[in-house]
Amino acid sequence: MLTSFTAGLLLITFSELGDKTFFIAVILAMRHPKSLVFAGVIAALASMTVISVLLGQATTFLPRDYVRYGEVVLLLIFGLSLIWQASRMPKQACLTELQSAEEAIASKPNNPKQYRGMLGILLKAFTLTFIGEWGDRTQFATVALAAGNDALGVTLGAILGHSACTVIAITSGCLLAERISERAIAYIGGSLFILFAAIAWFN
């Protein structure tokens, strides 16, 4: 369980820092009460984590070796993809993901009645985050981890990683956006994916 928890925590933390959903939380926290944004974002990310873990656990009816090979291949693909992307990134802040987050928020129909009050802000934060996270590499990474590891450990680690990134986003996201190196984070994240692929292979 400890290995699963650590894998979920590290992979999610370094994958989500500077990601689109990270900057969605940054932008929403500048416009709405931070506590409501945090609650909505975490509810969405926790829901996505549980769904991803259940999808991963659904593969347990397959032969154990097939599941392990699939986990290794997925983690390797994500790791090598991140490192390749990092090699092509400029040494600057996460402006690309920030712009993507702004576009996602701008594309959401602006209905003042729908997003009025506490429930409206929670719904906005939840919806934007859930849609932004669906199909993201962290979702597939969670599925892969849950397929071959302890489900509870992966769930707790992933949710804690999401929570840490969300806290950073809503408290100091603007300052971090100017200083954070998307390239460095991609290299670290890619290396972690490859490391846990190796652990899964020899486990």
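Remarks
- Extreme residue, modelled with the lowest pLDDT, among residues of the range 126-161 that are open to solvent by less than 40 Å² (accessible area, probe 1.4 Å) and of a type in the set (Val, Ile, Thr): 138
- If only residues of the range 60-73 that are open to solvent by 70 Å² or more (accessible area, probe 1.4 Å) and of a type in the set (A, V, I, L, M) are counted, the one that is farthest from residue 141 (Cα to Cα) is 62.
- Candidate set: the range 162-185, residues that are open to solvent by 40 Å² or more (accessible area, probe 1.4 Å) and among the β-branched types (Val, Ile, Thr); chosen: the one modelled with the highest pLDDT: 167
- Close pairs (8 angstrom Cβ cut-off, 6 or more residues apart or separate chains): at pLDDT 80 or above in the range 50-78, among the hydroxyl-bearing types (Ser, Thr, Tyr) and surrounded by 12 or more Cβ atoms within 10 Å (Cβ to Cβ) anywhere: 50/155; 52/142; 53/142; 53/155; 56/142; 70/59
Residue-by-condition table, conditions (1) in a helix (DSSP H, G or I); (2) of a type in the set (D, E, K, R); (3) modelled with pLDDT of 90 or more:
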position: 12; (1), (2), (3): yes, no, no
position: 15; (1), (2), (3): yes, no, no
position: 18; (1), (2), (3): no, no, no
position: 21; (1), (2), (3): yes, no, no
position: 27; (1), (2), (3): yes, no, no
position: 38; (1), (2), (3): yes, no, yes
position: 43; (1), (2), (3): yes, no, yes
position: 47; (1), (2), (3): yes, no, yes
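- Residues of the range 35-59 satisfying the condition of being more than 17 Å from residue 136 (Cβ to Cβ) and open to solvent by less than 50 Å² (accessible area, probe 1.4 Å): 36, 37, 39, 40, 59
- Residues in the range 28-79 that are within 17 Å of the chain's Cα centre (by Cα), within 20 Å of residue 11 (Cβ to Cβ) and not aliphatic (A, V, I, L, M): 47, 49, 52, 56, 78, 79.
- Of all residues in the range 128-155, those satisfying the criterion of being of a type outside the set (A, V, I, L, M) and touching a Lys or Arg at 6+ places or on another chain (Cβ under 8 Å) are 132, 136, 148.
- Annotation note: Cβ proximity below 7 Å between a residue of the range 139-151 that is farther than 16 Å from residue 73 by Cβ and of a type outside the set (Lys, Arg) and a residue that is outside any helix (DSSP H, G or I) and open to solvent by 10 Å² or more (accessible area, probe 1.4 Å) (sequence gap 6+ or interchain) occurs for 150/1.
- Out of 67, 72, sole residue that is out of contact with any Ser or Thr (no Cβ under 6 Å at 6 or more places or on another chain) and closer than 16 Å to residue 148 by Cβ: 72
The values are calculated or read from the model by the stated rules, or taken from the named source; none is laboratory data. Just so it is clear, the model here is predicted, and its values are computed rather than measured. Every residue, glycine among them, receives a Cβ derived from its backbone with ideal geometry; neighbour counts consider all protein chains shown. Just so you know, the surface numbers come from the protein's heavy atoms only, side chains and all, with ligands and any DNA or RNA stripped out. Shrake-Rupley method; radii C 1.70, N 1.55, O 1.52, S 1.80 Å.
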